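Okay, so here's the structure we're looking at.
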Amino acid sequence: MQLSSLGVNAQKEKQFSRKGIYTAEDLVRYLPRKYKDFTQETGILSEDEVSCLTVHVDRLQTNYNRIETLNAFCTRPETGEALVVTWFNQNFLKEKLQGVTGRSAYVAGKIRYNEQYHHYEIASPEMFEPNIGLGKRIFPVYSKIPGMSNDYLTEKLRLATSYADLTHETLPYELVA
């Protein structure tokens, strides 16, 4: 099956071809290089480890200086500790995060404590999901395809794997049994 059947345009086909992906079958066989486990809340871990926690989003704020920053000011429901989540130059997130104020979200990232402002901070979180059920899962991590966002790649992978004839078992029945 051609990649165009998945809604992939010519420019994206060139990007896929740089990774040896020419068909939907090739895309199905494009395996993650590792996985990230966000299934369990960890609380706040040391600065070099990825912490996973549920937060209450109090407000969102966009700042325009030399770069645009989007901040989610949050509190941890169980402790009341303040946490500020910051994204840089990602204005497309404003639409995704619209309506999250006043609700809970699940966040994963490296947390540090800001002594000056007495709160915790996560810059560019690995995951910020307003739907907590969607956030608490294992995430595949694929090798980067230059010029392609991870969201686009994930969308096309989901679409390709939805075709049952592309994902049939290739191992002998005896081995599977």
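The values are calculated or read from the model by the stated rules, or taken from the named source; none is laboratory data. Small disclaimer: the values here were computed from a predicted structure and weren't measured. So basically every Cβ, Gly included, is an ideal-geometry build from the backbone, and we count neighbours across all protein chains shown. Protein only, heavy atoms only, side chains kept; ligands, DNA and RNA dropped before computing areas. Shrake-Rupley method; radii C 1.70, N 1.55, O 1.52, S 1.80 Å.
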Extension length gain for Lys96 and His118 (0.36 nm per residue less Cα distance), in nm, is 5.1 nm
Counting only protein heavy atoms, what percent of the accessible surface of the chain is carbon or sulfur at a 1.4 Å probe?
50
What ranking, highest mean first, results for peptides 131-138, 83-90 when packing means the other Cβ atoms within 10 Å averaged over each residue?
83-90, 131-138
If you place +1 on the Cβ of every Lys and Arg, -1 on the Cβ of every Asp and Glu, and leave all else neutral, what size is the dipole of segment 1-45 about its Cα centre, to the nearest 20 Debye?
240
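For segment 30-158, with every protein chain kept in place, what is the accessible area per residue (1.4 Å probe, Å²)? Could you put the intermediate results ahead of the total?
On the way: 7560 Å² over 129 residues.
Per residue, segment 30-158 has an accessible area of 59 Å².
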With only Lys, Arg, Asp and Glu charged, each at its Cβ (+1 for the first two, -1 for the last two), find how big the charge dipole of the chain is about the Cα centre; round to the nearest 20 debye.
540
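Report the net charge of residues surrounding Tyr142, where surrounding means a beta-carbon distance below 10 angstrom and charges are Lys +1, Arg +1, Asp -1, Glu -1. Show your work: numbers first, answer last.
Numbers: positive: Lys19, Arg33, Lys34, Lys144; negative: none.
Taking every Cβ under 10 Å from that of Tyr142, the sum is +4.
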Can you show me the helix-derived [θ] at 222 nm for the chain, built from DSSP H runs with n ≥ 4 at -39,500 (n - 2.57) apiece and divided by the number of residues, rounded to the nearest 500.
-5000 deg cm²/dmol
Go through segment 15-25 residue by residue and turn each phi into a ³J(HN,Hα) via Karplus (6.51, -1.76, 1.60, θ = phi - 60°); whole Hz please, and just put x for glycine and proline.
5, 5, 5, 5, 9, x, 9, 10, 9, 5, 5
Considering only Cα-Cα distances, which of the following residue pairs are longer than 19 Å: Lys12/Lys34; Lys34/Lys144; Lys110/Lys144; Lys12/Lys94; Lys19/Lys136?
Lys12/Lys34; Lys110/Lys144; Lys12/Lys94; Lys19/Lys136
Per-q log10 I(q)/I(0), the chain, q = 0.16 Å⁻¹ (Debye; single scatterer per alpha-carbon; no solvent)
-1.03
For the residue pair Asn65 and Ser149, what label-to-label distance in nm results when each label sits 7 Å from Cα along the Cα-to-beta-carbon direction?
2.6
